[in-house]
1. Restricting to segment 102-135, give me the number of residues that are open to solvent by 10 Å² or more (accessible area, probe 1.4 Å), closer than 13 Å to Val158 by Cβ and touching a Phe, Trp or Tyr at 6+ places or on another chain (Cβ under 7 Å).
2. Restricting attention to segment 172-217, and to residues there that are among the hydroxyl-bearing types (Ser, Thr, Tyr) and outside any helix (DSSP H, G or I), which single residue is surrounded by the fewest Cβ atoms within 10 Å (Cβ to Cβ)?
3. Of all residues in segment 92-116, how many are over 23 Å from Lys56 (Cα atoms), in contact with a helix residue (DSSP H, G or I) (Cβ under 9 Å, 6 or more places away or on another chain) and either β-branched (Val, Ile, Thr) or not in a loop (DSSP other than H, G, I, E, B) (or both)?
4. Check Tyr149 against each of (1) under 23 Å from Ala8 (Cβ atoms); (2) open to solvent by 30 Å² or more (accessible area, probe 1.4 Å); (3) not charged (D, E, K, R) and name the one condition it does not meet.
5. Considering each of Lys96, Lys56, Lys69 in turn, give the residue that is within 30 Å of Lys216 (Cα to Cα) and surrounded by 15 or more Cβ atoms within 10 Å (Cβ to Cβ).
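The values are calculated or read from the model by the stated rules, or taken from the named source; none is laboratory data. Please read all numbers here as calculations on a predicted model, not as lab measurements. Backbone-built Cβ (ideal geometry, glycine too); neighbour counts: all protein chains shown. Side chains are part of the model used for accessible areas, which takes the heavy atoms of the whole protein and leaves out ligands, DNA and RNA. Shrake-Rupley method; radii C 1.70, N 1.55, O 1.52, S 1.80 Å.
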Amino acid sequence: MFKGTGTALITPFDNDLNVDYEALRKIVNFQVEGGVDSLIVLGTSGETPCLSFEEKEKILSVISETVNKKIPIIVGTGSNNTNEVVKLNSLAEKYKADGALIVTPYYNKGTQESTIKHYEYISERTTLPIMLYNVPYRTGLNLVPQTVYRIAEKCKNVVAIKEASANISQIAQLFSIMPSEFEIYSGNDDQALPIMAMGGMGVISVFSNAYPKEMKILTDLIIGNNFSDARKLCNRYIPMMNLMFAETSPAPVKFIMSLMGLCKNTFRLPLDSVTDKTKEILKKAFENFPEGN
């Protein structure tokens, strides 16, 4: 789908908590100018559970127009309602998206077997390439390697996975059983280096919302097999990467981006701004971040 850095794009809101489309265009241009290799839109980093279908369509329209085919756009269409995924895939198709990111069902989570059926049903009803998304600490369901293999075997348009289990042993097993053409992406910024070193195609990044150039430099070094410089850079970035999850994402990165003048530090409930204590920590880290200014 892409190689290198893909940004899990936030959704900016104005002071009245309407989607701030002017800020959205600014953020998208910031990403493109920063050299990222893909935008992953309408994912959980974009607070999509709190967006209406109409807002999702307008966001996708604005992003598609602003990107203007410069880089691939992958649309988060996952839901715990299988038919809702089909509906959102149709929307992504309408705006000529380059793929769909589909998280495993959450809360009314199924078994490994029913999850395979979930993806089969969706796969049969879209022409889009599909990227699975495994994030068990949020969904309560871990997509194990053998299940990934069976889904990809049954669903020919399932071509990739965003792996955010944080279980390196599990991810190593996944590499060992999947065909070489199946693309594996890190879903955690701090694991981009090890996962790409094992053969991963890139990272879907929260960190790159604020630091697209920095993440792009890191992934380019890894792709170029310059692991010595990549390790040094990764070690410099990891403290800030980890702070992006000091509270529920995307609250920390949105605060950093508000300091940059890219958006307002506003959220729709149930999310809210980080606490004053975390703001102090983030502001100090921002001011001292080696590549931040």
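1. Within segment 102-135, residues that are open to solvent by 10 Å² or more (accessible area, probe 1.4 Å), closer than 13 Å to Val158 by Cβ and touching a Phe, Trp or Tyr at 6+ places or on another chain (Cβ under 7 Å) number 0.
2. Checked segment 172-217; the qualifying residue surrounded by the fewest Cβ atoms within 10 Å (Cβ to Cβ) is Ser180.
3. The number of residues fulfilling the criteria is 4.
4. (1)
5. Answer to the check: Lys56.
Conditions (1) in a helix (DSSP H, G or I); (2) closer than 29 Å to Tyr121 by Cα; (3) of a type outside the set (Val, Ile, Thr), marked per residue:
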{"residue": "Asn15", "(1), (2), (3)": "no, no, yes"}
{"residue": "Glu22", "(1), (2), (3)": "yes, no, yes"}
{"residue": "Arg25", "(1), (2), (3)": "yes, no, yes"}
{"residue": "Phe30", "(1), (2), (3)": "yes, no, yes"}
{"residue": "Gly35", "(1), (2), (3)": "no, no, yes"}
{"residue": "Glu57", "(1), (2), (3)": "yes, yes, yes"}
{"residue": "Ser61", "(1), (2), (3)": "yes, yes, yes"}
